[in-house]
1. For residue 102, work out the one condition from (1) under 13 Å from the mean Cα position of the chain (by Cα); (2) farther than 14 Å from residue 58 by Cβ it doesn't fulfil.
2. Can you name the number of the only condition in (1) surrounded by 12 or more Cβ atoms within 10 Å (Cβ to Cβ); (2) not in a helix (DSSP H, G or I) that residue 48 fails?
3. When the stretch 51-90 is examined, which residues are found to be surrounded by fewer than 16 Cβ atoms within 10 Å (Cβ to Cβ), under 12 Å from the mean Cα position of the chain (by Cα) and not in a helix (DSSP H, G or I)?
4. With the structure loaded, tell me whether residue 74 is in contact (Cβ under 8 Å) with a residue 60 or more places away in the chain and either within 20 Å of residue 22 (Cα to Cα) or in contact with a strand residue (DSSP E or B) (Cβ under 7 Å, 6 or more places away or on another chain) (or both) or whether it fails that test.
């Protein structure tokens with residue numbers, strides 16, 4: 001067993017996100033116009049407005065948790081890191097998601113841990129600086 005404080009598990013979050021992206025590439029290959037519209041819609045929805053990028057990513061993460069989408073959880077934790085969201089903020093989002101989604105969301109904390117280990121912590125479990 002590894003001596004790391006926070007083992008990454010059998011599949012890295014980056015591998016999981018690569019798998020999700022391969023699926024998106026498949027539908028893009030067969031339906032490029034549709035995916036172009038989906039991508040434009042997503043970009044518009046996530047564009048800062050009254051709510052900033054950090055707020056939108058925190059909301060998206062909470063929704064990913066309540067929808068129990070392990071791909072989306074990893075994607076939005078990575079995006080949270082890029083937007084400057086702290087681990088403490090992520091944990092608060094998780095608490096709200098658990099309140100709204102109950103036990104099934106609670107079990108998806110394993111996905112949160114995997115993504116935090118990948119994007120927020122180094123091999124010794126110390127925070128990764130931007």
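Readers should treat all values here as calculations from the given coordinates under stated rules, not as data from a laboratory. The structure displayed is predicted, hence computed values, not measured ones. Glycine also receives a Cβ, built like all others from the backbone with ideal geometry; neighbour counts cover every protein chain displayed.
1. (1)
2. It is condition (1) that residue 48 fails.
3. 68, the sole residue that qualifies.
4. Details: in contact (Cβ under 8 Å) with a residue 60 or more places away in the chain: yes; either within 20 Å of residue 22 (Cα to Cα) or in contact with a strand residue (DSSP E or B) (Cβ under 7 Å, 6 or more places away or on another chain) (or both): yes.
Taking the combined requirement at face value, the residue satisfies it.
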